[in-house]
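Working notes for the structure below.
The values are calculated or read from the model by the stated rules, or taken from the named source; none is laboratory data. Please read all numbers here as calculations on a predicted model, not as lab measurements. Cβ coordinates were reconstructed from backbone atoms using ideal geometry, including for glycine residues, and neighbour counts include every protein chain displayed. Keep in mind that these areas ignore ligands, DNA and RNA; they rest on the heavy atoms of the full protein, side chains included. Shrake-Rupley method; radii C 1.70, N 1.55, O 1.52, S 1.80 Å.
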There are 2 protein chains.
Amino acid sequence: MTRPWTFPIALDPRTGALVSQISRAIAGDIRRGRLQPGASLPGSRTLAATLGVHRNTVLAAYRELEAEGWIETGSRSTRVAADLPSAPVRGVASRRGTAFPLEPFAPPPNSPLPPKGTISLGGGFPDGRLVPTDLLARALRRALKAKVAPLDYGDPQGDLRFRTALGVMLGEMRGLAVEPSEIVVTAGSQQALDLIGRALIRPGDVVAVEDPGYPRAWATLRAAGAKLAPLPVDGEGLVVEALEILLDQSPIRALYTTPHHQYPTMATLSAPRRMRLLDLARKHRFAVIEDDYDFEFHYEGRPVLPLASSDTAGCVIYVGTLSKVLAPGLRLGFLAAPSAFTETITAHRSVTDYMGNQAFERAVAELMEDGLLQRHVRKMRRVYEERRAVLVEEVGKRLGTRLAFDLPTGGMSLWAKAEGLSLPRWAERCRKEEVLFHWGAAFDFHRRPIPFLRLGFAALNPTELREAVRRMAAALP
Amino acid sequence: MTRPWTFPIALDPRTGALVSQISRAIAGDIRRGRLQPGASLPGSRTLAATLGVHRNTVLAAYRELEAEGWIETGSRSTRVAADLPSAPVRGVASRRGTAFPLEPFAPPPNSPLPPKGTISLGGGFPDGRLVPTDLLARALRRALKAKVAPLDYGDPQGDLRFRTALGVMLGEMRGLAVEPSEIVVTAGSQQALDLIGRALIRPGDVVAVEDPGYPRAWATLRAAGAKLAPLPVDGEGLVVEALEILLDQSPIRALYTTPHHQYPTMATLSAPRRMRLLDLARKHRFAVIEDDYDFEFHYEGRPVLPLASSDTAGCVIYVGTLSKVLAPGLRLGFLAAPSAFTETITAHRSVTDYMGNQAFERAVAELMEDGLLQRHVRKMRRVYEERRAVLVEEVGKRLGTRLAFDLPTGGMSLWAKAEGLSLPRWAERCRKEEVLFHWGAAFDFHRRPIPFLRLGFAALNPTELREAVRRMAAALP
């Protein structure tokens, strides 16, 4: 039992004299389950002071409750009886349902945590064990102790110091020239999508998406009222010709795309398609929502800059996140766009959750200013590149005849095609072998069981990766 | 200049041979403002490695750029020229507007930060200087270093340990019997309202609100599509008879109310009105959104429990926050309701910002389990009670003939009626005397300049409060 807050009870004048009011209130709380059998009651002096009554009044009420069997009075303490005279009826807690009508809402289910012992190749997350929590805790401490109160209300657009650091990062690393005023900090890239949906989409607006693609983004866009139009993807990323055909049929409000490493196939949008896509956006006046979730993790060939870096017309809303470079639990994402748009997004944010966590924003800004985040990213890139090599080697050795894949030039997972075997059956057998991966239906717009699977390598060390592939091989049907 | 991330540039095959491609890309970045005059360029070896080209190719490109006046090559470093051959044209950053159409959105403006030297009685916030940041920083450090990774993806409903601690607090302190499954953690009470709006309200649904009331809640409910119906307030809180008249005219989806300390008048909803309100909600099947933003700060008389504690039918959605007991910058709020509702809200949250900041949730859970938050609340209650006394005394002494008010039994501000003087004029003169308060029009549904003002006392120490009232008196018209 923690130290009690106080012990307020609600007296109801309709239950009679003061003694009765007190005893009925306590009996009611016991029956409703607020006071559990064995729980301590406050001493009579304390309760008398809380209620502003004479101590004798409380003692009389306690005697009444004891006579009825609700409480037991010992030499030192008064407790709720272990055996109650009637079964408790629960209050609020007893009601699963509401008295008012409620509309169901079912987004895609969250992946449940894998059972203990199961190795998960799902997700494509960073390795939580390698997050520099010491650096972060120290920076947070400094942010909390700073003179500029980090726990007062602040700027719904995001802390200026953090936006400035993000602007420097986007310029130096990703070829984007953006001012802090052109950035809005969000609670992960998910909130960026949610706010974009609120600002852009009216019920029935068509938004084009990639198929296979990212179901969580689909759910957020659908919640904003969008009618989604799936477009195919090939080895060069989004098939822009299919977008042209769609545009011949109906105007679209926006396109949601992952050009750098297409989610989930990891294909990089080719240069001619980039040019064509931006031309179409300018001509047809739709917004390009560019989700660049893992820019920094690119291992081969020349870096390919974001679409936003070639956008001179103001078509692109660029969405990024620190979930991959640092950790998803920070809930730090952002969007960059022309300032008319960031002002609108900030207005929307001010009526949703008002603002983000300034202390975390300032702590991470400090890590960026000191070059510590950059160093962490460089280190992680080496670690993940090594893990990619381990996974590719193991899959080649043990599953080479069953899985066909291109070496991913970047990102945190491998996209492979299953050859001549039933993926649903294999996945089920893998579950028994305690290894887990996401496959086909999880990424397909129509939830068809397409013969592809995705193996995330970033969160597992080489030993775990080797064991995971060994189990997958053992589970082959 | 911070340590650079890397130096990616986008080569465009249409600009000719490799040397040209490199020089045109860098010249383009200088013209777009991504590279500023004086900025360092990477050494030729480094850039050659980044681009996967021979060093001589980079050297040739640098010679070309130097000949054109874009860069200056010193003995040790290569820099962007201080005087550029042509004015930079900005890229993304130059575009205020978007190529796609954009709908304006104007919520109530945020209160700007008061100018330095101005004392603000606005807000009714806690005193940020008294937040136990040391305790919080230590608890955060422990949360970040814990084995249960606090920075991985977690539960969109909120961390179980924090929900458990909230359940204990609500039971011991506020007379509510709620299970952790009946609580959803939110980013402040504002996000609780936003999620309730998403789950409950369809465009055109009527939501009754109190007038005067809380404009930020109105804006959030309006953004969800609600048609707001203002109801009057008197010394016993919401005038429930007016709600009955409204219900005769049209069904309502919900009522938003602040029964404990009505915002902004501080009136406490009387017992008969509470009973009547819950009866109406049950009969007419509307939701009661009970915003209990400062329950713990009550100084006189018996504690009055929340409406939710008498709700056996499942009518009440109870909204709370730690913004007042700890600090608004934590962004920790919650709602408690029957589990069918918390499940729906959790589903909505999973497509908005997915989840909150687990590290903060666990850190504050630890403070609650150890009784440290409770101790802080008890301390703050004494501090704020003293500040209330100082403000009341000073106002009585210096402004007694101009302001009429009831002693607030709780809360963090004083609601007073201005007698025989123009509030707009006084407020303007106060601005020049460097003292600020919120008044009439800021709380009125129709933004009429009603003759009331609100003086927040919690965030100012006695010296500041005395000086504030002195300035207000000096500014009397």
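Any residue at all in the range B:263-272 that's aliphatic (A, V, I, L, M), assigned to a loop (DSSP other than H, G, I, E, B), more than 9 Å from every other protein chain (Cβ to nearest Cβ) and on the phi > 0 side of the Ramachandran plot? Yes.
In this structure, does B:R398 turn out to be open to solvent by 40 Å² or more (accessible area, probe 1.4 Å), assigned to a helix (DSSP H, G or I) and over 30 Å from B:L136 (Cβ atoms)? I'd like the intermediate steps shown before the answer.
Details: open to solvent by 40 Å² or more (accessible area, probe 1.4 Å): yes; assigned to a helix (DSSP H, G or I): yes; over 30 Å from B:L136 (Cβ atoms): yes.
It is true that B:R398 is open to solvent by 40 Å² or more (accessible area, probe 1.4 Å), assigned to a helix (DSSP H, G or I) and over 30 Å from B:L136 (Cβ atoms).
Within the range A:142-152, does at least one residue satisfy the condition of being of a type outside the set (A, V, I, L, M, F, W, C), within 21 Å of the chain's Cα centre (by Cα) and farther than 19 Å from A:G320 by Cα? Among the residues of the range A:142-152, not one is of a type outside the set (A, V, I, L, M, F, W, C), within 21 Å of the chain's Cα centre (by Cα) and farther than 19 Å from A:G320 by Cα, which makes the answer no. The set of residues in the range B:136-162 that are outside any helix (DSSP H, G or I), facing chain A (nearest Cβ under 9 Å) and open to solvent by less than 30 Å² (accessible area, probe 1.4 Å) comprises B:P150, B:L151, B:G154, B:P156. Listed by first and then second residue, the pairs with beta-carbon distance under 6 Å, at least 6 apart or on different chains, first residue in the range B:353-378 and facing chain A (nearest Cβ under 7 Å), second among the polar types (S, T, N, Q) and crowded, with 20+ Cβ neighbours inside 10 Å, are B:D353/A:Q190; B:D353/A:Q191; B:Y354/A:Q190; B:N357/A:N357.
From the list B:P180, B:P232, which one is in contact with a helix residue (DSSP H, G or I) (Cβ under 7 Å, 6 or more places away or on another chain), surrounded by fewer than 24 Cβ atoms within 10 Å (Cβ to Cβ), assigned by TED's automatic domain parsing to the domain that holds B:A337 and within 19 Å of B:A336 (Cα to Cα)? Before you say what the answer is, go through the steps one by one.
On the way: B:P232 fails: within 19 Å of B:A336 (Cα to Cα).
B:P180 is the lone residue from the list that is in contact with a helix residue (DSSP H, G or I) (Cβ under 7 Å, 6 or more places away or on another chain), surrounded by fewer than 24 Cβ atoms within 10 Å (Cβ to Cβ), assigned by TED's automatic domain parsing to the domain that holds B:A337 and within 19 Å of B:A336 (Cα to Cα).
Mind listing whichever residues of the range A:186-209 are open to solvent by 10 Å² or more (accessible area, probe 1.4 Å) and either under 24 Å from A:P232 (Cβ atoms) or not assigned by TED's automatic domain parsing to the domain that holds A:N357 (or both)? Of everything in the range A:186-209, those that are open to solvent by 10 Å² or more (accessible area, probe 1.4 Å) and either under 24 Å from A:P232 (Cβ atoms) or not assigned by TED's automatic domain parsing to the domain that holds A:N357 (or both) turn out to be A:S189, A:G204, A:D205, A:V206. Here the range B:168-197 is the region considered, the condition is being part of a helix (DSSP H, G or I) and of a type in the set (V, I, T), and the residue that is farthest from the other protein chains (Cβ to nearest Cβ) is B:I196. Which condition number does B:R34 fail, the rest of (1) modelled with pLDDT of 80 or more; (2) part of a loop (DSSP other than H, G, I, E, B); (3) buried (at least 20 other Cβ atoms within 10 Å of the Cβ) being met? The single condition B:R34 does not satisfy is (1).
Given the structure, is B:P115 open to solvent by less than 50 Å² (accessible area, probe 1.4 Å), more than 8 Å from chain A (Cβ to nearest Cβ), under 30 Å from B:V392 (Cα atoms) and not charged (D, E, K, R)?
Numbers: open to solvent by less than 50 Å² (accessible area, probe 1.4 Å): no; more than 8 Å from chain A (Cβ to nearest Cβ): yes; under 30 Å from B:V392 (Cα atoms): yes; not charged (D, E, K, R): yes.
It is false that B:P115 is open to solvent by less than 50 Å² (accessible area, probe 1.4 Å), more than 8 Å from chain A (Cβ to nearest Cβ), under 30 Å from B:V392 (Cα atoms) and not charged (D, E, K, R).
Looking at A:A87, A:A93, which one is at pLDDT below 80 and either buried (at least 18 other Cβ atoms within 10 Å of the Cβ) or within 30 Å of B:E366 (Cβ to Cβ) (or both)? Talk me through it step by step, then tell me what you get.
On the way: A:A87 fails: either buried (at least 18 other Cβ atoms within 10 Å of the Cβ) or within 30 Å of B:E366 (Cβ to Cβ) (or both).
Result: A:A93 is the single residue among A:A87, A:A93 that is at pLDDT below 80 and either buried (at least 18 other Cβ atoms within 10 Å of the Cβ) or within 30 Å of B:E366 (Cβ to Cβ) (or both).
Total residues in the range B:417-439 satisfying the condition of being open to solvent by 80 Å² or more (accessible area, probe 1.4 Å) and either among the charged types (D, E, K, R) or touching a Lys or Arg at 6+ places or on another chain (Cβ under 7 Å) (or both): the figure is 6. Would you please name the residue that is farthest from B:F286 (Cα to Cα), looking only at residues in the range B:305-349 that are of a type in the set (V, I, T) and assigned to a helix (DSSP H, G or I)? Among those residues, the one meeting the criterion is B:T346.
Name the residues in the range B:241-260 that are under 12 Å from B:E210 (Cβ atoms) and buried (at least 22 other Cβ atoms within 10 Å of the Cβ), would you? Before the answer, list the steps.
Restricting attention to the range B:241-260, the residues satisfying the condition of being under 12 Å from B:E210 (Cβ atoms) are B:242-243, B:255-259.
Scanning the range B:241-260 gives B:L243, B:L255, B:Y256, B:T257, B:T258, B:P259.
Among the residues of the range B:340-362, just one is closer than 26 Å to B:G411 by Cα and not acidic (D, E), namely B:F360.
Yes/no matrix, rows are residues, columns are (1) open to solvent by less than 10 Å² (accessible area, probe 1.4 Å); (2) free of Cβ contacts under 8 Å to residues at least 60 places away in the same chain; (3) in contact with a Lys or Arg (Cβ under 7 Å, 6 or more places away or on another chain):
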residue	(1), (2), (3)
B:P264	yes, no, yes
B:K283	no, yes, no
B:D292	yes, no, no
B:V304	no, yes, no
B:L307	yes, yes, yes
B:I317	yes, no, no
B:G320	yes, no, no
B:L326	yes, no, no
B:R349	yes, no, no
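Among the residues of the range A:198-229, the one identified as in a loop (DSSP other than H, G, I, E, B) and in contact with a helix residue (DSSP H, G or I) (Cβ under 6 Å, 6 or more places away or on another chain) is A:A224.
Only a single item in (1) within 24 Å of the chain's Cα centre (by Cα); (2) more than 9 Å from chain A (Cβ to nearest Cβ) is not met by B:A165, and it is number (2).
Filter the range A:327-350 for residues that are within 12 Å of A:G188 (Cα to Cα) and either at the interface with another protein chain (Cβ under 10 Å from one of its Cβ atoms) or of a type in the set (F, W, Y) (or both) and give the result.
Of the residues in the range A:327-350, the ones within 12 Å of A:G188 (Cα to Cα) are A:327-335.
Selection gives A:A327, A:P328, A:G329, A:L330, A:R331, A:L332, A:G333, A:F334.
For (1) part of a helix (DSSP H, G or I); (2) open to solvent by less than 60 Å² (accessible area, probe 1.4 Å); (3) in the same structural domain as A:L228 (by TED's automatic domain parsing), each residue gets a yes or a no:
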residue: A:A441; (1), (2), (3): yes, yes, no
residue: A:D444; (1), (2), (3): no, yes, no
residue: A:L455; (1), (2), (3): no, yes, no
residue: A:E464; (1), (2), (3): yes, yes, no
residue: A:R470; (1), (2), (3): yes, no, no
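In the range B:43-53, the qualifying residues are those that are within 14 Å of another protein chain (Cβ to nearest Cβ) and surrounded by fewer than 18 Cβ atoms within 10 Å (Cβ to Cβ), and the one that is nearest to the chain's Cα centre (by Cα) is B:T50. Selection of the range B:272-281 for residues being buried (at least 21 other Cβ atoms within 10 Å of the Cβ) and either closer than 19 Å to B:G411 by Cβ or of a type in the set (D, E) (or both) yields only B:R274.
Which one is farthest from the other protein chains (Cβ to nearest Cβ), of the residues in the range B:274-306 that are modelled with pLDDT under 95 and over 30 Å from the mean Cα position of the chain (by Cα)? Only one residue fits best here, namely B:M275. Does A:G128 qualify as being touching a residue at least 24 places away in the same chain (Cβ under 8 Å), surrounded by fewer than 21 Cβ atoms within 10 Å (Cβ to Cβ), within 8 Å of another protein chain (Cβ to nearest Cβ) and under 19 Å from the mean Cα position of the chain (by Cα)? Considered against the rule, which asks whether it is touching a residue at least 24 places away in the same chain (Cβ under 8 Å), surrounded by fewer than 21 Cβ atoms within 10 Å (Cβ to Cβ), within 8 Å of another protein chain (Cβ to nearest Cβ) and under 19 Å from the mean Cα position of the chain (by Cα), A:G128 comes out as yes. Looking only at the range A:408-457, residues that are in contact with a Leu (Cβ under 9 Å, 6 or more places away or on another chain) and of a type in the set (S, T, Y) come to 1 in all. For B:G356, the conditions (1) part of a helix (DSSP H, G or I); (2) surrounded by 22 or more Cβ atoms within 10 Å (Cβ to Cβ) are fulfilled apart from (1).
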